[in-house]
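The values are calculated or read from the model by the stated rules, or taken from the named source; none is laboratory data. Just so you know, these numbers come straight off a predicted model, no measurement behind them. Here the Cβ positions follow ideal geometry from the backbone for every residue, glycine too, while neighbour counts run over all protein chains shown.
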Amino acid sequence: MEKLKFWYKNARPVSLPQSMMPALVAVFMAAQYEDFRWYLALLSVIGIALAHLCFNLFDDYFDYRNAEQGDRTALTRMGFRAMTVKCPPLQDGTVTPSTWLKACLLFGAAACLCGVPVVLIRGVSVLWVVAGVAFLGLFYSAPPLKLGYHGLGELIIGSIFGPGIFIGMSYAAAGELHSSQVLVSIAMGLLVVAILYVHSIMDYAADTKAGKRTLAWLVGCHATIPYPEKKSTREPTEKELESGIQRQYLTLAAILFLPYLLVAYAVLAGTLSNWYFLVFLTLPWSADLFMSMGQFRRNPGYVPPKKKWYGPFQHWDQIKKAGIDWFMLRWLLAQRINMIFSLLCIIAACLQLID
């Protein structure tokens, strides 16, 4: 039991809501269909959780192998505010890479066992969706592709935790998928992207120095900022830097507000019930997060106030004491938006079933 707790802790369960919320929304939306089966939905949810933990362990394993964590630790010593601290048991020698890899495979095997009954009942169509998600999840950080290292990592994660999980869950639980569910899945995927993108904007300087290519790097002024392995011929001009920053924030606006437009379109088109307008209750939080990121753009050292209507954040006193509230407030707010948006979708799905 202690070993299980150890590996569960190191698999970063704090990130589980990013997969569990879209999975649960898909379950409740699929409950309206005739061939919906709760036991298949439950098996699929457990399998997704185990697969998520598996991919977290794989991500840390390949990050360790790629020496990415070593770069960011060095940057932290230099004063860059790199927030990621990953796979400490690998770094301090508590666990060997081979043992870590075995744990990855065991979590993956457990996830596969959960999926066997689903495939036997629903057929290979579900298997193709799972295979696609597994491919993206594994090669997000695994060589030779390292998909997450080329500026598309946020979009890949959003695709997995949005449409990927949503489509797979819908077919597993009910054997069918409606266009309205696809729109909701894209909306939820974008809100997952927002969590990662807010992080990458605030950690842009450290990521650039470390050669970590994020979505903020991709839409920013990356063309004038050299890769670490190449020597620079010139520094980017002020105009180029400002243009890159503007693109970053226009992208943030699209990521934060497009989910509401997608849901509104589905409701007005009659494919979702009016109850889904409930998600607009989170719009003030999204607007506040966007404005807060604008303040970060103008003054990175500014610490925004924590407003009462944000709700409580776990360990907030310790976060303030550590002096990272400037970062964590924005990041946690992005997570809160995703969580409440998902819960409101579940409420809307339940109310639609009652109507």
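Observations on the model:
- Taken together, VAL129, VAL95 contain a single residue that is at pLDDT 75 or above, in contact with a Phe, Trp or Tyr (Cβ under 7 Å, 6 or more places away or on another chain) and among the β-branched types (Val, Ile, Thr), which is VAL129.
- Long-range neighbours under 6 Å by Cβ, at least six apart or interchain, first residue without any contact (Cβ under 8 Å) to a residue 40 or more places away in the chain within segment 94-122, second surrounded by 15 or more Cβ atoms within 10 Å (Cβ to Cβ) and β-branched (Val, Ile, Thr): VAL119/VAL126
- Checked against (1) farther than 23 Å from TYR197 by Cβ; (2) not in a helix (DSSP H, G or I), GLY115 meets all criteria but (2).
- Among residues that are farther than 18 Å from ILE201 by Cα and surrounded by 14 or more Cβ atoms within 10 Å (Cβ to Cβ), TRP331 is not included.
- The residues of segment 1-39 that are crowded, with 23+ Cβ neighbours inside 10 Å and of a type outside the set (Gly, Ala, Ser), listed by number, are GLN18, MET21, PRO22, VAL25, VAL27, MET29.
- Filtering ALA49, ALA67 for residues that are modelled with pLDDT of 90 or more, surrounded by fewer than 21 Cβ atoms within 10 Å (Cβ to Cβ), closer than 27 Å to MET328 by Cα and not aromatic (Phe, Trp, Tyr) leaves a single hit, ALA49.
- Residue match in segment 330-339 (condition: in contact (Cβ under 8 Å) with a residue 60 or more places away in the chain, in contact with a helix residue (DSSP H, G or I) (Cβ under 7 Å, 6 or more places away or on another chain), assigned to a helix (DSSP H, G or I) and among the aromatic types (Phe, Trp, Tyr)): yes
- Some residue of segment 305-323 being surrounded by 17 or more Cβ atoms within 10 Å (Cβ to Cβ) and of a type in the set (S, T, N, Q): no
- Applying a threshold of 9 Å to beta carbon distances and a minimum spacing of six or more residues, or different chains, the list of pairs starting in segment 12-29 at a residue that is in contact (Cβ under 8 Å) with a residue 12 or more places away in the chain and at positive phi and ending at one that is crowded, with 18+ Cβ neighbours inside 10 Å and of a type in the set (A, V, I, L, M) reads ARG12/LEU53; ARG12/LEU57.
- So PHE313, is it on the phi < 0 side of the Ramachandran plot and assigned to a loop (DSSP other than H, G, I, E, B): yes
- Looking across segment 121-149, the residues that are in a loop (DSSP other than H, G, I, E, B) and surrounded by 14 or more Cβ atoms within 10 Å (Cβ to Cβ) come down to PHE139, TYR140, SER141, ALA142, LEU145, LYS146.
- Residue within segment 247-270 that is modelled with pLDDT of 90 or more and in a loop (DSSP other than H, G, I, E, B) present: yes
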